[in-house]
Amino acid sequence: MSTLTTELFPALRAGSVAPAKDRVRPVLDSDVGQIRDLWLRAGGKDVLTSTSLLTRLFFDSPWRDDEFSSLVYEDASGRLLGCLGITPRPMLFRERAIRAVVGHHLLVDASRGGARAGIELARRFLAGPQELSLAVWNDFGRRIWTSLGGSVSPFHSLSWTRALRPARYMLRMLRHRGLPLSAAIPLYPACHAVDATLGIFRRRAVPARASDPLSDDLDVVTMLSYLSAFASDRALKPRYDVATLSWLMETLGEAARGGHLHKVAVRTSSGRPLGWYVYYLGVSDTAEVMQVGGKDEALRDVLDHLFDHARQRGAVAVTGPMDARLVGALSERHCAFHRPRNTWALIHSRDARIVETIHSGDAFLSRLEGAPWLEIEA
């Protein structure tokens, strides 16, 4: 264990060498129950307590490769002290196929052994043969990652949010910051009234246009064609096919059992494609955008369509991942930019060109290329 790592985790200075019988090993089918318990002890959402979903994520991925197996850290008694999900994600870097892997969640026991487990799991992960490692972890994971030579992407650590019903959105923010429920309940009717009034003014101020974009349900084949047409000029981009993208959409659909996954293709009235978006809307009434894209000159229309689509389905706000080409349009639409609490986008590559490409914004990386099921609230 490095000096830097022990400085970050003082509790491990004494006895920092893992006990002889503790080990990191590939995950097994029989580990699913303990992984579920680790997830709940870490304060995770109910969405990952489904045994069938956990099995699908760890063992049924179309990208599964024994060289990039998910890992667990096991003590001498056979008890799991940590788990790291690992999913290969084929990508293209300057039109060359590369092996990227995503650390899709890091779960550790709340003990000194758990801290050691997190370090050893991350060390094994980053020592793999992949050209690019990606993760979105909390501050504990960030400190481990950077101590092992990885870096933080400040830009991709940010999210954007557009309030669709501002009064109700502000009330929710106050609730998150400690406003008692007893104080919030009397304010709900007033907030609904304010939002309804603002909606009337918004409709009067923005008259319908004869050329307003139209939409269709987004199927996998259409989504692949849009990705090829509108993200092909990025230096770094994901590489999907019908089978892998279908699996991903089906997995998101299973995870979204408490809400609905919306997949929309946006086009002109003559049928010319403009872009697409995928978002989840659940009980929180916040639309969680998994991916949005389109022609550069049409991104404003695509975003406007997204906001109207989510508003009509009762969303209070829309939030999504940062993309360099969206910043101007998002700013013009009064979106707020912020970093979700205790969340960091992490990257690691032995090729400095790949790292620079991500930091410079020339990569198409959405929540679909990470662990989108963790964005879904049951």
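In order along the stretch 340-348, phi translates into HN-Hα couplings of x, 4, 6, 9, 9, 8, 10, 9, 8 Hz, rounded to whole numbers, per the Karplus curve 6.51 cos²θ - 1.76 cosθ + 1.60 with θ = phi - 60° and x for Gly and Pro. Among beta bridges from DSSP that stay inside the stretch 243-378, the antiparallel ones total about 85%.
Between Thr51, Thr87, Thr161, find the one with the highest GNM mean-square fluctuation for the chain; connect C-alpha pairs within less than 10 Å. Judging by the Gaussian network model, the answer is Thr51. Between Asp139 and Glu356, how high is the FRET efficiency from 1/(1 + (r/R0)^6) when r is the Cβ-Cβ distance and R₀ = 25 Å? Nearest 0.05. The formula returns an efficiency of 0.50 here. Rounded to the nearest 500, the helix-only mean residue ellipticity at 222 nm of the chain stands at -10500 deg cm²/dmol, with each DSSP H run of n ≥ 4 adding -39,500 (n - 2.57).
For the chain, the per residue solvent-accessible surface stands at 45 Å², with DNA, RNA and ligands left out and a 1.4 Å probe.
Taking amide H as placed 1.01 Å from N in the peptide plane, the amide H of Gln291 sits under 5 Å from that of Val278, each at least 5 places away or on another chain.
Given R₀ = 35 Å, FRET efficiency for Ser228-Arg79 by Cβ-Cβ distance, to 0.05?
0.15
Measure off, as a whole percent, the carbon and sulfur share of the 1.4 Å-probe accessible area of the chain, all protein chains present. Whole-percent figure for carbon plus sulfur exposure: 54. For the chain, taking the reciprocal of the average inverse distance between every pair of different Cα atoms yields a Kirkwood hydrodynamic radius of 22.2 Å. Cβ-Cβ distance of Leu198 and Ser151, R₀ of 56 Å, FRET efficiency by 1/(1 + (r/R0)^6): the value works out to about 0.85. The simple spin-label model puts a point 7 Å past each Cα toward its Cβ; for Ala110 and Leu214 those points are separated by 5.5 nm. These residues, His105, His334, go from largest to smallest accessible area, 1.4 Å probe, as His334, His105. Partner aspartates and glutamates whose Cα lies under 12 Å from the Cα of Lys295, excluding those fewer than 8 positions away in the same chain, are identified as Asp233. Take every DSSP beta bridge whose two residues both sit in the stretch 79-170; close to 75 percent of them are antiparallel.
The values are calculated or read from the model by the stated rules, or taken from the named source; none is laboratory data. Nothing here was measured: the structure is a model prediction, and the numbers come from that model. For neighbour counting, all protein chains shown are included, and Cβ atoms are generated from backbone atoms with ideal geometry for every residue, glycine included. For the accessible areas, the whole protein counts, side chains as well, though only heavy atoms, and no ligand, DNA or RNA atoms are used. Shrake-Rupley method; radii C 1.70, N 1.55, O 1.52, S 1.80 Å.
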